[in-house]
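Please read the structure below before turning to the comments.
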Amino acid sequence: MNLLRRKTVTQLQAEALTDHRLKRALGATNLTTLGIGAIIGTGIFVLTGTVAAQNAGPAVVLSFVLSGVASIFAALCYSEFASLVPMAGSAYTYGYATLGELFAWIIGWDLILEYALGAVTVSIGWSGYVVSFFHDIGIHIPAQLSAARGTLITLADGTQVTAIFNLPAVIIIGIITLLLVIGIRESATVNNIIVFVKVAVVLLFIFGAAHAVNSANWHPFIPPSTGVRGQFGWSGVMQGAGIVFFAYIGFDAVSTAAQEAKNPQRDMPIGIIGSLLICTVLYIAVSAVATGIVPYLQLDVPDPIAVAADHAGLGWMAALIKLGAIAGLSSVILVMLLGQSRIFWTMADDGLLPPFVSKVHPKFRTPWITTILTGIVVAVFAALFTVREAGSLVSIGTLLAFVIVSIGVLVLRLREPELPRTFKTPAVWVVAPLGALSALYLMISLPWRTWERLIIWFVIGMFIYFLYSARRSKLAQPRN
């Protein structure tokens, strides 16, 4: 059994040219907004304050710059692959073309964890924001139907009730699953609208609150260390960079839509790099304005941007910021479910998962079975579970993908240097190693419990691979 059998880039390019099952409907603008939709979630509304108050002070701006640079390394490597191999499998497909089937399976199995668990946790967060928003306008969702099963909730009168399941989370998963089944163009249009709303809210805060900035709040820019590693000083800036890095997660999901892009060779790099650059600028601007309005120690609250808006005399913005968070989470769920279903579909198409999973709807030209299956599983978990430390699990999955993609670019440059590349990673022998090392460093900094859960998931994946996938793989079948 050859565990390192590969699909050649030439084979994958031929497949991309001849496989018209998925509808090519996305241009550069749609791909860029998909990236923005995946990246901007609660990170910009929450992490800005907590990292400023606990780690970096006003230098949280530098933390966002450093983590943005680290993300750019990976984004450049993704862009080269996405333009060279315009297939729906993202890092899974890139691993198949460079490191072999076993590594491809590992990263595909890992991406399932990343996208599915990401959608679960974000939908739970979405539920919390929606319940709070409706409460503000006088609509009350029963507490029993707005939290994980078995959760004790204390009501305003002091009585306690036990939650049955999280209904809002199920509803949003159901709506987005239906949208993804109906069509990629329709999904992208809805995402464009959502992205417009949340970016508008962010820009409204930046420009509306800028007049209240007091430069005295930026001094000292890097507060002196408290003596504890990671609390102010340069170590605080660096630890802050490791934390806010997770606010950038999501741009890699753009590459899962490569097979639905009109001109992937040109548009995929624009979508991946463009969305990351736009979000980096927004993150830096928001953190600078927030720390300029409110002394950084006062930002350690669940809604730091709302607090900053209130200090700037924009109290009316609190509801808008909440609406922006709801919009932000909605588009993150959409892109996570989109990415998850495309990874499933590609793995099934390669024979590593049961063939029924790779069926495409005859009318909508979407991978409808895998989309519905993903939606059902995510909805069940979102309805019944409180997923603690899930953010770390999602992050470690993404970082592992970054490591493999960065290494894969170098392997392919050595193995097939003459391949025509419409986009080439600049200074690849510097950028790719830095991308792999920065992602690996951040993985190592995650707690051991996160690694334990990743290892358990890995072991389950290995059982499935050796009992089913290795023998059913299309590359394992005898050629006629």
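A short reminder: the numbers here are calculations on the coordinates, not readings from a lab. These numbers come from a predicted model, not from an experiment. Cβ sites come from the backbone with ideal geometry, for glycine too, and all protein chains shown count toward neighbours.
Details
- Between helix 264-293 and the chain: long-axis angle, C-alpha atoms, 0 to 90°, nearest 10: 20 degrees
- Compared with the dominant Cα axis of the chain, that is its longest principal axis, helix 167-182 is turned about 40°.
- With a Förster radius of 45 Å applied to the C-beta separation of L419 and L323, the computed FRET efficiency comes to 0.45.
- For the stretch 249-321, chymotrypsin sites (Phe, Trp or Tyr not before Pro) are listed when DSSP marks them as loop and at most 12 other Cβ atoms sit within 10 Å of their Cβ; the list is W316.
- Length added when fully stretched, I460-I193, from 0.36 nm per residue minus Cα-Cα: 92.2 nm
- Once the Cβ-Cβ distance of K359 and Q477 is raised to the sixth power relative to R0 = 22 Å, the FRET efficiency obtained is 0.65.
- Computed from Cα atoms, the angle from the helix 368-384 axis to the main principal axis of the chain rounds to 40 degrees.
- FRET efficiency, 1/(1 + (r/R0)^6) with R0 25 Å, evaluated for I139 and T162 via beta carbons: 0.65
- Distant-in-sequence amide H partners of T151 (H built 1.01 Å from N, under 5 Å): A163
- Comparing Cα centroids, the stretch 399-454 and the stretch 273-287 end up 22 angstrom apart.
- In terms of overall dimensions, the C-alpha atoms belonging to the stretch 44-125 reach 45, 30, 19 Å along their principal axes, ordered largest to smallest.
- Take every pair of alpha-carbon atoms less than 8 Å apart whose residues are at least six positions apart; their mean separation over the length of the chain yields a relative contact order of 32 percent.
- Full extension of the chain between Y441 and N2 gives 154.9 nm of extra length, using 0.36 nm per residue less the Cα-Cα distance.
- Rg ratio (alpha-carbon, reference 2.2 N^0.38 Å) - the stretch 148-291: 1.46
- Diffusion constant of the chain at 25 °C, which comes from Stokes-Einstein with the Kirkwood Cα-pair radius and 0.890 mPa s, µm²/s: 107 µm²/s
- All other residues whose Cβ lies under 14 angstrom from that of S358 are scored, Lys and Arg at +1 and Asp and Glu at -1, for a net of +2.
- Among the listed pairs K23/K322; K198/K359; K262/K322; K262/K474; K7/K198; K262/K359, those beyond 31 Å (Cα-Cα): K23/K322; K198/K359; K262/K322; K7/K198
- Label-to-label distance for R229 and L152 is 3.8 nm, based on points extended 7 Å past Cα in the beta-carbon direction.
- Value of Rg to Rh for the stretch 433-480 (Rh from inverse mean 1/r over Cα pairs, i.e. Kirkwood): 1.23
- The stretch 277-428: relative contact order in percent, alpha carbon pairs under 8 Å with at least 6 residues between: 10 percent
- Proximal lysines to K424, defined as alpha-carbon separation beneath 19 angstrom and excluding residues fewer than eight positions away on the same chain: none
- Helical contribution to [θ] at 222 nm, DSSP H n ≥ 4, -39,500 (n - 2.57), averaged over the chain, rounded to 500: -21500 deg cm²/dmol
- Scattering curve values for the stretch 243-304, log₁₀ I(q)/I(0), Debye with Cα scatterers, q = 0.18, 0.25 Å⁻¹: -0.73, -1.05
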